[in-house]
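First the structure, in the form of structure tokens, and then the observations on it.
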Amino acid sequence: MRNRWLIALAAVGIHISIGSVYAWSVLTRPIIEAMGFTLSETTWTFSLAILFLGMSAGLLGRFVEKYGPKKSGLISMLLFCTGMFGTALALHLHNLALLYLFYGGIGGIGLGVGYITPVSTLVKYFPNHRGFATGLAIMGFGFAALVAGPVMQFLTARVGLVNNFLILGAVYMVVMGASALYLKPPMQKDDTVAVTRCQHGVTAAEAIKTWQFGALWWVFFVNITCGIGLLAVASPMAQHVVGMDAAQAASMVGIIGLLNGGGRILWSTLSDYLGRGLTYMVFFALEVGAFYLLAGTKDAMLFQLLVFLIISCYGGGFSCMPAYLSDIFGTRELSAIHGRVLTAWGVAGVVGPTIVSWFWEHTHSYTTTLTFFAGCFVLNFLIATVLKLHGSRRSSLVKTANT
């Protein structure tokens, strides 16, 4: 047995490293100015990273379960840091294809493996506080931009873009490597005093055949699509809709990063007391009202409060999902099941900004987009209600397996 608080720290170490992907926008303008790439070419790097994150998490979840968190954590470190070093090479050569390959592809796969690596282990160390446990790890991913953003700005200004990625790659290699080496599933003694892993639940293959899995995938997809769509245009929308200047909008974006991380631990902890089903119903009810009001407000203060509320629910949706999955399907193959659900993130990372861009090009207004998002959350609320009332019935079929 490891110390469970050090396990939590190791989980945060991995997530706060890979979560630096959320600070990509800090580098967008420097890359455009230094490399001569267009805005769309540069932002596609981020979209590819999120796409590969979701797809690799879905495909490699079984790998994490089979080989354990230590090996998968080290592989995540190898891939993610290779992506960082390769990005430095791509920028040195001014090569867009290499940028897509290393940061978007190889780095994105490292993101996906690293994201799911510590979650299943952490849940097993905190069986009575699953929401709090997953919130601890995933909070690190949300807070990462607050740390990485200023550091990237400083390093880029002092040593240049290429050296920025070389330095960060070396730091992340140390942090992720040390974190992965400490990760180990909990063990317990059985009646014969033999040491076994205690894992309860269904397999990933069994889980994806249930309507509960499909419902959870959909509500996760909608929550991310609308949330990431809002994140993509938060600064220009604040300037266009309520007349904030660039500095005020930048300050708002900084607070968004704080609430994205803080909402993850706050909502996941509350879910231990409210129950995951009720927590998701609260998420979606709040987001229906917030998006609807956001579509019509011209008041800067109300605008910011509504955006902050939405982003806290967006972050909470991430952190509560692993615990919700373990409630329904058990922990036997939680990493694999969580990985399958994370494919929704990969798709939403492309769909969300695309929806916002399409509505803007056709209406030159954010009102229609926000109203559409409010309607999406009405459907999500109804699905969450059905899950709350009937979703737990699957737990009666959960099997127990000792390996």
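Among Thr331, Leu286, Val241, flag the residue with its Cα farthest along the positive direction of the charge dipole of segment 211-360, charges on Cβ as +1 for Lys/Arg and -1 for Asp/Glu. The residue sitting farthest along the positive end of the dipole is Thr331.
Residue by residue, segment 153-161 carries 3J(HN,Hα) couplings of 4, 5, 5, 4, 5, 8, 10, x, 4 Hz when phi is fed to the Karplus relation 6.51 cos²θ - 1.76 cosθ + 1.60 (θ = phi - 60°); x denotes Gly or Pro.
Applying the Karplus relation 6.51 cos²θ - 1.76 cosθ + 1.60 with θ = phi - 60° to segment 24-36 yields 3J(HN,Hα) values of 3, 4, 4, 9, 4, 5, x, 5, 4, 5, 7, 9, x Hz, where x marks Gly and Pro.
Taking the Cα centre of the chain as origin, work out the dipole magnitude from +1 charges on Lys and Arg Cβ and -1 charges on Asp and Glu Cβ, in debye rounded to 20. Walk me through the numbers on the way to the answer.
Numbers: 23 positive and 13 negative charges, 256 e Å.
Here the chain has a charge dipole of around 1220 debye.
Over 19 Å between C-alpha atoms is what I'm after, so list which of Lys124/Lys184; Lys71/Lys184; Lys124/Lys388; Lys71/Lys209 land there. Among Lys124/Lys184; Lys71/Lys184; Lys124/Lys388; Lys71/Lys209, the Cα-Cα distance tops 19 Å for Lys124/Lys388; Lys71/Lys209. Considering only Gly275, Leu259, Phe37, the residue lying farthest towards the positive end of the dipole of the chain is Gly275, judged by Cα position with unit charges set on Cβ.
Less than 10 Å Cβ to Cβ from Phe126, Lys/Arg counted +1 and Asp/Glu -1: what total charge do the surrounding residues give? Before the final figure, lay out the partial values.
Details: positive: Arg4, Lys124, Arg130; negative: Asp272.
Surrounding charge for Phe126 is +2.
If you take all other residues with their beta carbon under 15 Å from the beta carbon of Ser312, and give Lys and Arg +1 and Asp and Glu -1, the sum is 0.
Based on the Cβ-Cβ distance from Ile255 to Trp211, what FRET efficiency comes out when R0 is 51 Å, to the nearest 0.05? Before the final figure, lay out each step's value.
On the way: r = 38 Å, r/R0 = 0.75.
Between Ile255 and Trp211 the formula returns 0.85.
In a shell of Cβ-Cβ distance under 14 Å around Ala137, excluding Ala137 itself, what net charge do Lys and Arg (+1) and Asp and Glu (-1) give? Write out the running numbers ahead of the final one.
Working: positive: Arg4, Lys124, Arg130, Arg264; negative: none.
After counting each charged neighbour, the total is +4.
When only the Cβ of Lys, Arg, Asp and Glu is charged (+1, +1, -1, -1), the dipole of segment 1-123 relative to its Cα centre reaches about 560 debye. With 0.36 nm allotted per residue and the present C-alpha distance subtracted, the Lys388-His94 stretch has 100.7 nm of extension available. The alpha-carbon atoms of segment 102-164, seen along their principal axes, cover 47, 24, 12 angstrom, with the largest extent given first. In plain terms, the C-alpha convex hull of segment 270-377 casts an average shadow of 7.5 nm² when viewed from every direction.
Within the accessible area of the chain, the carbon and sulfur atoms contribute 68%, probe 1.4 Å, all protein chains present.
For the options Tyr292, Tyr67, Tyr103, a Gaussian network treatment of the chain with springs between C-alpha atoms closer than 10 Å singles out Tyr67 as fluctuating the most.
Using the Karplus relation 6.51 cos²θ - 1.76 cosθ + 1.60 with θ = phi - 60°, the per-residue 3J(HN,Hα) values for segment 260-267 come to 4, x, x, x, 5, 7, 5, 5 Hz, with x marking Gly and Pro. Cβ-Cβ distance of Leu181 and Lys298, R₀ of 60 Å, FRET efficiency by 1/(1 + (r/R0)^6): the value works out to about 0.65.
The values are calculated or read from the model by the stated rules, or taken from the named source; none is laboratory data. Keep in mind it's a predicted model, so treat the numbers as computed, not measured. In this analysis, Cβ positions are derived from the backbone assuming ideal geometry, glycine residues included, and neighbour counts consider all displayed protein chains. Ligands, DNA and RNA are stripped out before the accessible areas are found, and what is left, the full protein with its side chains, is counted by its heavy atoms. Shrake-Rupley method; radii C 1.70, N 1.55, O 1.52, S 1.80 Å.
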